[in-house]
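Chemist: After the structure tokens below, expect a handful of questions from me.
The values are calculated or read from the model by the stated rules, or taken from the named source; none is laboratory data. It should be emphasised that the depicted structure is a prediction, and the values quoted were computed from it without experimental measurement. Neighbour counts run over all protein chains shown; Cβ positions are idealised from the backbone, glycine included.
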């Protein structure tokens, strides 16, 4: 018996999977997050690298868009379901023209937001349906009336189709005109049995992450075997981690929804330049804060990992030149907003480094963002990138401009920073909350790099990042370093 006139996705999966069981909220949420990470990795591996605005799949999600990797946002069409109808007027300090009233606002085919009826129990579920040529997948995290949560997923085409039929019926109730467009999109990806190798890869990613969670749990007092603990040191349990993860998730979700709606508005061609400018500011601020929250979440996640499995995985040769081309304009904008100047000195040719492509840009940008927040107005930042043996060195050093002589002078007293738990620090002068240096260093270790912080007379705080260079196959055979 269904709770409502239409089955929820949790009920559909429960009918097809007798092993679904209720668990603690923390455990179910952990399973949900790990499964989303595995799904993102699977999509990145299976989607083709193509140029242009080529769509390779469809994602139906709630209550906010789930994937932020540029390759996925460009290749996948996204439809978001929300229990609360979003009012774009709340974002605008001006009168919205009738042409973009909410009634016809959410029917953009590439990135859309659809409401759920208030009585619909689906509003208590987080879900993700993925449709591609290679596989289809449904993941569901449901919250029950007794406070328990369940997580379940399925690659079975029939189960995914049942989930779509349930969602499609809801679209018919709330936006019948858009249903035909959405149904046509779904039908483009006919149900196919997934290649067993993809399912195996997905399962391996789940087991790897979930095993780390179990190892962390065994480190708690009273858990696990004493001999095992002595032979396999455990990470230090940290009471701040779960709170920080929950905080990052709760902030990121509404910001992602706001950014989605803002980008939908920006697709309109009848907006005044001043309106476009304000929307672009909203989009930029949301993106920056989403990236900050993801960085906080990643740092908290690393604290729960055993040292021998500290996420030093998925490292690959990558072009640093491409990362810097995308990042330097953002670094310059961040400096300008704080009345700072920034100069980047690069070698004529940047070698290939070994790191995590999806994380390197975020970690570097987060570090420079925090660096700029710690400097007084009028300061100058020198960013220098130079080869250093078998590594590439990226150094950040500040210079402080004296207003009277217009020359660089000795820096003033370093800013006061107060610890907030084990991962964060607070700067009272600016109200800034950021990762502390220990957590930041851990992030760089996870992406194959190393961060060194030094206090130097007449220079202030100098940050140096080392990234390993790619070693060619011929060099590996001869044992020669780059």
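Chemist: Does region 36-55 include one or more residues that are within 25 Å of residue 196 (Cα to Cα), at pLDDT 70 or above, touching a strand residue (DSSP E or B) at 6+ places or on another chain (Cβ under 6 Å) and surrounded by 17 or more Cβ atoms within 10 Å (Cβ to Cβ)?
Modeler: Taking every residue of region 36-55 in turn, none turns out to be within 25 Å of residue 196 (Cα to Cα), at pLDDT 70 or above, touching a strand residue (DSSP E or B) at 6+ places or on another chain (Cβ under 6 Å) and surrounded by 17 or more Cβ atoms within 10 Å (Cβ to Cβ).
Chemist: Let me ask something additional. From the residues in region 415-468 that are part of a loop (DSSP other than H, G, I, E, B) and exposed (fewer than 13 other Cβ atoms within 10 Å of the Cβ), which one is modelled with the lowest pLDDT?
Modeler: My answer is 458.
Chemist: Would you mind finding the one in 364, 265, 302 that is at pLDDT below 85, assigned to a helix (DSSP H, G or I) and touching a helix residue (DSSP H, G or I) at 6+ places or on another chain (Cβ under 8 Å)?
Modeler: None of the other options fit; the residue is 302.
Chemist: Within region 313-339, track down each residue that is over 25 Å from residue 296 (Cα atoms) and in a loop (DSSP other than H, G, I, E, B).
Modeler: The answer is 339, and nothing else.
Chemist: Taking the condition on the phi > 0 side of the Ramachandran plot and assigned by TED's automatic domain parsing to the domain that holds residue 460, does residue 366 pass?
Modeler: Judged against the criteria, residue 366 is not a match.
Chemist: Related question: For residue 379, are the conditions met, namely being over 28 Å from residue 302 (Cα atoms), crowded, with 18+ Cβ neighbours inside 10 Å and modelled with pLDDT of 85 or more?
Modeler: Here the answer is yes, as residue 379 does meet what is asked.
Chemist: Here's a check for you: in region 173-190, which residue that is touching a helix residue (DSSP H, G or I) at 6+ places or on another chain (Cβ under 8 Å) and crowded, with 16+ Cβ neighbours inside 10 Å is nearest to residue 12 (Cα to Cα)?
Modeler: The extreme case among them is 186.
Chemist: Quickly run through region 1-24 and pick out the residues that are at pLDDT below 80 and in a helix (DSSP H, G or I).
Modeler: Of everything in region 1-24, just one residue is at pLDDT below 80 and in a helix (DSSP H, G or I), namely 16.
Chemist: Tell me, yes or no, whether region 196-206 has at least one residue that is at pLDDT below 75, part of a loop (DSSP other than H, G, I, E, B) and within 29 Å of the chain's Cα centre (by Cα).
Modeler: no
Chemist: I'd like the full set of residues that are in contact with a strand residue (DSSP E or B) (Cβ under 7 Å, 6 or more places away or on another chain) and modelled with pLDDT under 85, limited to region 391-409.
Modeler: 399, 400, 401, 402, 408, 409
Chemist: Scan region 472-480 and tell me whether some residue there is under 19 Å from residue 392 (Cα atoms), outside the structural domain of residue 298 (by TED's automatic domain parsing), surrounded by 11 or more Cβ atoms within 10 Å (Cβ to Cβ) and modelled with pLDDT of 80 or more.
Modeler: No, that holds for no residue.
Chemist: Residue by residue through region 429-471, note down the ones that are free of Cβ contacts under 8 Å to residues at least 60 places away in the same chain, closer than 18 Å to residue 395 by Cβ and out of contact with any helix residue (DSSP H, G or I) (no Cβ under 9 Å at 6 or more places or on another chain).
Modeler: 437, 441, 454, 455, 456, 457, 458 - these are the residues of region 429-471 that are free of Cβ contacts under 8 Å to residues at least 60 places away in the same chain, closer than 18 Å to residue 395 by Cβ and out of contact with any helix residue (DSSP H, G or I) (no Cβ under 9 Å at 6 or more places or on another chain).
Chemist: Does residue 372 fit the bill of being within 25 Å of residue 287 (Cα to Cα) and crowded, with 17+ Cβ neighbours inside 10 Å?
Modeler: In short, yes.
Chemist: Another question, if that's okay. Any residue in region 1-26 that is over 16 Å from residue 160 (Cα atoms) and in the same structural domain as residue 126 (by TED's automatic domain parsing) sitting within a Cβ distance under 9 Å of a residue that is surrounded by fewer than 14 Cβ atoms within 10 Å (Cβ to Cβ) and at pLDDT below 80? List the pairs, counting only those 6 or more apart or interchain.
Modeler: 25/147
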